[in-house]
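Asks: Pasting a structure here, questions to come.
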Amino acid sequence: MEAVYRPGTETATELEVLTDLSAFSEPAASEISERNAPTQAEQQEMLGAAAKFFSVTLKHLPDFLAIRTFTGYRRFGSTAHVVPNTTAR
């Protein structure tokens, strides 16, 4: 047996209000970290490691820059004269 839940407009509104009010609630104890904030030296070490990672890794990543060319055609009036309209992005 499978239950189907279809909230009405009032239910959806009440859930939205509940969600908005929960933003002002204190987080659960399980969500609070017991670790202290990193020291200045630890922060510098993390930033140095991140900078080294990017300076080494970015050189080995492929270049994903792509140029797209679009050619469309416009018909002027009732004549069969067709003019190409090409743009590159």
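Asks: From the P(r) of the stretch 28-67, can you give the percent of Cα pairs sitting at distances over 13 Å?
Replies: 70
Asks: On full extension of the chain, what length is gained from Lys52 through Ala29, given 0.36 nm per residue of separation minus the C-alpha to C-alpha distance?
Replies: 4.7 nm is the gain from fully extending Lys52 to Ala29.
Asks: Continuing with this model, one more query. Once R0 is set to 25 Å, what does the formula 1/(1 + (r/R0)^6) return for the Cβ-Cβ distance between Gln43 and Asp63, expressed as a FRET efficiency to the nearest 0.05?
Replies: 0.20
Asks: Follow-up question, since we're still on this one. When the Karplus curve 6.51 cos²θ - 1.76 cosθ + 1.60 is applied with θ = phi - 60°, which whole-Hz ³J(HN,Hα) does each residue of the stretch 22-35 get, with x for Gly and Pro?
Replies: 5, 5, 9, 7, 6, x, 5, 4, 5, 8, 8, 6, 8, 7
The numbers here are math on the coordinates, done by the rules we state, and not lab data. Every value quoted in this text rests on a predicted model; they were computed, and no experiment measured them. With ideal geometry, Cβ positions are generated from the backbone for all residues, glycine too; neighbour counts draw on all protein chains shown.
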